[in-house]
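Worksheet for the structure shown next.
Coordinate-derived values only; no laboratory data. What you are looking at is a predicted structure, and each value in this text was computed from that prediction instead of being measured. Ideal geometry is used to build each Cβ from the backbone, glycine not excepted, and the neighbour counts take in all protein chains shown.
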Amino acid sequence: MSGLIRAELLRFRKRRSLQIIVLAVPMLVAFFFVAGLMSFGPEQPPCDPAAIRDQLISEGFGLGMPPEDLEPLLAETVAQQCQFVEQQREQYQQIRSTYAFPQSLVTVLGTGTFLLFALILLTATTIGDDFSWATIRTTLLASSHRVRLLAVRLGALVVIALGLVASLLLLGVSLPATIAAVGTQLPPAAPVNLGGLAVMVVGLLEASLVVITFAAAATLLVRSGSLTLVVMLVYVVVEAAILTLLLQFDAFRHDGSLEWLLDAFPVRGLSTLLEVASRVASGVTRYEGDVIRGLGDATVPMVALLVWALVFGAIAFRRFARMDIAE
Amino acid sequence: MIDTAPTVEPTYVISTIGLAKRFRDIEAVAGVDLRVPAGGVYGFLGPNGAGKTTTIRMLLGLIRPTRGTAHLFGEQVASGRAVLDRVGALVERPAFYPYLSAPDNLRLLGLTRGIAESRLRTAVPDALGRVGLTEAARRKAGRFSTGMRQRLGIAAALLGNPELVILDEPANGLDPNGVVDVRELISGLARDGTTIFLSSHVLPEVEQLCDRVAILQKGRIIAEGATKEMLRQGERLYVRFETAAETERAKPILGALGPVSEVDGGAVSIPRRPGEEVLRPLVEAGLYPAELYVKRQTLESVFIELTGDHDAATPPEQGRATEPPPGGGAA
C-alpha cells in the first residue's frame, strides 16, 4: 500500500497541470476576495450636512423661494440625504466587515465552488488520462489490486481536498491581515458562530467527497475525462429539471410535507447546506423575510451528501473492479 | 463469469480450461485449453484477430472471461490475486506516462508493484541497461519513438525479476538490431529459469526461441506441441527419377509408405521416412532415384499450412525467404 501511495505522489509531483489546478483554487479565491472588497470601494466618510447643503444650493435647490420657506425645506432634505448616506455607509460597513477576521473565514469558505470545480477537474483528469493514454493497462499489469489502486487514487484526491479546505481557512485568516498591512482599514467584524463554521467546513468536505466519487464513477463509466465534464453538466441540468417538475406539486413547495426531500438532491443539497451554515456562522439567520431556523436545517443535506458519496463511491469501485481493460 | 476453479496441477505455469471471451456478437476466444510448463519459451501464434491478445489479457486479469478459467502457477486468475505479482507482461503497444522520464515511469511501476524504493535504485538502471535505454533515460517517455517505447515496455515487464514473463509482440516497431537484442534477452531470461510466454508474428524468431508452440485460429487452438516435433512432422521426403516412366513405376511403391504427392520438376514426395526404408523397395524393383532429399519445414510454412493465412506470417522485411525445395538436407 505504501508503494501505491508513493507512486501516486510521484504522479502528482511530476504533473505540472495538476499542480496548476490545485494552486488555482487559493489564487482565485484570494483574487475574488480582494475584488469583492474593492467593489464596495474605500470606507465612505460620514455625512457632512454643510457640504450637502452647499451642493443643493449650488444645484439651484429652492431657487426663487422665500427664505422662510426654503430654510425648513433645505434642512429636511439635508437630513433625508444624510440619513440615506448613513444607511448606505452602515450597509457598506456591514458588507466590508464580512471581509474582516473572523467573518472573512465565512466569506472565503463561501467561494468553495472553486474547490469543487477543481476537484472535478482533478478527478476526471487523473482517472481519464489513464484511459486515454492506456496507462491503466500498464498500471494494472504492475498491480492487479484494483480496489487498492482506486482507493489510493481517491484517497489522494481527498487529501488534496483537505489541503485545499485548509488553505481556504488559512486565506480567511491571512487575507484580512494582508489587506490591513497594505493600509486598507476594515471595520471590526462580529464574531462567528463556531458551530456554523464547523458545519460549513464539514459540508465542503462532504461536497468534495461527493464530487470526487461522482467524477470517478462517471469517468470509469465513460472511460474519458473530458466526457466526464459533459456528464457533470448534464447531471446539473437533469437535477434542475427534476426539481422544477417536483415543485409543481404542493407537497414539495414551501412548508409542504415533502419539501425536505428537495435538499436530498446533491446540487440543491450542497447549496442549501452552504447557505444555512454560512448564515448561521455569520449570524444572519434572517434575511429579506427568509428565516433560517438553525443548523438543524442542514441535517437533510448533510446526511444526503454522505449517502450520495457512498453510492457514487460504490458505483466507482464496483465498475473498476469488474470492468474489462480493453485499452 | 469466472467458473468455480477446478483443481489444476501447479506444475504448469499457465493453464487454461475452456477459456472463452465474447464481445457482443463476436466470440474472440472460443474455448482455449493451454498447458504451459515451467521454464523455456512458449510460443503463442495465430493470425491477426485469432484471439491471442484477448487470451493474454484474460491470463493477466485485464479482462474477465465469459466462461472457462485461467490459472497461473496453479492459482485461478482474478483481479487482486497475489499470483499476478509473479508475472511481468508486455501487452500490445506499451503505454507510459508521457510527462515522466523512462526511469520515473519504471520507478512508478516498481512502486505500484510493491518493490521497495531502495531496490528500485538499482533495479531501474539495470532494467534500462538490459534493453539499451540507458542513454535515453532522461528523455520524457512522450518523446520516445515506437521502438524505444517497446524497449521500455520490455524493461517494465522485467522489473522485479518475475517468474513468468508474457510478451505480446515484443519485436513490434523494433529495428533489426532491436529484434536481435530482444531475441538474446529472451534467450538469456529462459536460460536463467524464467518462463517466457511469447506471442509473435516474427515466426523465424519464434522458431529459434520457442521450445513449444500453440497455434490459435478463430479463438481455438488448432495445433500445440514441441516446436521440433511440429517441424519434423511437417517434413517431406522428395524422390526424383531421370524419366517419367520410372516416376510412374515408383508411385505405387512409395504410396505404400505414405500419401504421395507429385511436385513440379517430376519429383514425388512422401512424409519423411528413414532413407533405407524408402530406398530398399525401390532398388528391389530396379528403380534408382537420381535425387533423394528432405525439404526442411519452417514454422512459417507449418503456420501457413495450418491456418491458411498467408498474410499473417512474418512481414517481408523481417522474414526469411521460403526455402527452395532442393536446398534441404539429405535423407
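Among B:Tyr288, A:Tyr235, B:Tyr238, which comes first, then next, by fewest other beta-carbon atoms within 10 Å?
On the way: B:Tyr288 11, A:Tyr235 14, B:Tyr238 22.
In order of increasing Cβ crowding within 10 Å: B:Tyr288, A:Tyr235, B:Tyr238.
What longest range of chain B stays clear of loop-exposed GluC sites (Glu not before Pro) (DSSP non-H/G/I/E/B, at most 11 other C-beta within 10 angstrom)? It would help to have the intermediate numbers written out before the result.
Details: sites that count: B:Glu135, B:Glu317.
So the longest stretch without any such site is B:136-316.
For B:Thr134 and B:Ala226 in one chain, what is 0.36 nm times their gap in residues minus the Cα-Cα distance, to one decimal in nm?
On the way: separation 92, 0.36 × 92 = 33.12 nm, distance 3.67 nm.
Residue separation times 0.36 nm, minus the Cα-Cα distance, leaves 29.5 nm.
Only Cα pairs under 8 Å and at least 6 apart count here; give the relative contact order of chain B as a rounded whole percent. Display every interim value, and only then the final one.
On the way: 634 pairs, mean separation 61.1, N = 331.
Relative contact order of chain B: 18 percent.
For segment B:105-176, state what percent of all Cα-Cα pairs lands in each successive 10 Å bin, counting from 0 Å until the bin that includes the largest distance.
Calculated over all Cα pairs of segment B:105-176, the distribution is 20, 54, 25, 1 percent.
Arranged by the count of other C-beta atoms within 10 angstrom, fewest first, what order do A:Met38, A:Met323 take?
The fewest-first ordering by Cβ neighbours comes to A:Met38, A:Met323.
Using a Debye calculation, one point per C-alpha and no hydration shell, please list log10 I(q)/I(0) for segment A:235-327 at q = 0.19, 0.20, 0.25 Å⁻¹ in order.
Log-scaled intensity ratios, in q order: -0.97, -1.03, -1.28.
Roughly what percent of Cα-Cα pairs across the protein assembly as shown reach past 41 Å?
On the way: 110637 of 216153 pairs.
Summing the P(r) of the protein assembly as shown above 41 Å gives 51 percent of all pairs.
Pull up all non-local amide H partners of B:Glu92: gap of 5 or more, or a different chain, and H-to-H distance under 5 Å with H placed in the peptide plane.
Here B:Asp168 satisfy the definition.
Just the C-alpha atoms of segment B:127-232: what Rg/Rh do they give, with Rh taken as the Kirkwood radius?
Working: Rg = 14.9 Å, Rh = 14.8 Å.
Checking Rg against Rh, the ratio lands at 1.00.
For B:Lys52, B:Lys218, which order do you get if you count the other beta carbons within 10 Å of each Cβ and list the fewest first?
Details: B:Lys52 25, B:Lys218 15.
Ordered from fewest to most neighbouring Cβ atoms within 10 Å, B:Lys52, B:Lys218 come out as B:Lys218, B:Lys52.
Assuming R0 = 25 Å, can you tell me the calculated FRET efficiency for the pair A:Thr244 and A:Met38, based on Cβ-Cβ distance, to the nearest 0.05? Each step should come with its number before you reach the end.
On the way: r = 37 Å, r/R0 = 1.46.
Calculated value: 0.10.
Mind pulling the per residue volume of the convex hull built on the Cα atoms of chain B? Å³ is fine. Walk me through the intermediate numbers first.
Values: hull volume 52.4 nm³, N = 331.
In chain B, the Cα convex hull volume per residue is 158 Å³.
Hand me the tally of lysine pairs in the protein assembly as shown: alpha carbons under 26 angstrom apart, and the pair either on different chains or 8 or more positions apart.
Details: A:Lys14/B:Lys140; B:Lys21/B:Lys52; B:Lys21/B:Lys218; B:Lys52/B:Lys218; B:Lys52/B:Lys228; B:Lys218/B:Lys228; B:Lys228/B:Lys295; B:Lys251/B:Lys295.
For the protein assembly as shown, the number of qualifying lysine pairs is 8.
Debye sum, Cα scatterers, segment A:37-132, no solvent: what log₁₀ I/I(0) at q = 0.10, 0.12 1/Å?
Those come out to -0.54, -0.63, one per q.
For segment B:44-146, report the convex hull volume of the alpha-carbon atoms normalised per residue, in Å³, without decimals.
Values: hull volume 14.5 nm³, N = 103.
Enclosed volume per residue, from the Cα hull, is 141 Å³.
How much length would be gained if the chain were fully extended between A:Met65 and A:Thr299, taking 0.36 nm per residue of separation minus their Cα-Cα distance, in nm to one decimal?
Values: separation 234, 0.36 × 234 = 84.24 nm, distance 6.43 nm.
Between A:Met65 and A:Thr299, full extension yields 77.8 nm more.
Running a GNM on chain A with Cα contacts under 10 Å, which residue among A:Ile315, A:Ile160, A:Ile20 ends up with the highest mean-square fluctuation?
Of the options given, A:Ile20 has the highest mean-square fluctuation.
Using 1/(1 + (r/R0)^6) with R0 = 60 angstrom and r between the beta carbons of B:Gln208 and A:Ile20, what's the FRET efficiency to the nearest 0.05?
That gives a FRET efficiency of 0.75.
With N residues in segment A:58-113, what two-decimal value do you get for its Cα radius of gyration over 2.2 N^0.38 Å? Working shown, then result.
On the way: Rg = 20.2 Å, N = 56, 2.2 N^0.38 = 10.2 Å.
After normalising by residue count via 2.2 N^0.38 Å, the value is 1.99.
For chain A, what ratio Rg/Rh do Cα atoms give with a Kirkwood hydrodynamic radius?
Values: Rg = 26.2 Å, Rh = 23.1 Å.
Over the Cα atoms of chain A, Rg/Rh equals 1.14.
With r defined as the distance between the Cβ atoms of B:Val263 and B:Asp33 and R0 fixed at 25 Å, what FRET efficiency is calculated, to the nearest 0.05? Walk me through the intermediate numbers first.
Values: r = 36 Å, r/R0 = 1.44.
Efficiency, rounded to the nearest 0.05: 0.10.
May I ask for the equivalent-ellipsoid semi-axes of segment A:32-75, computed as the square root of five times each C-alpha gyration tensor eigenvalue and listed largest first in whole Å? Numbers along the way, then the final one.
Numbers: eigenvalues 267, 20, 10 Å².
Semi-axes from the Cα gyration tensor: 37, 10, 7 Å.
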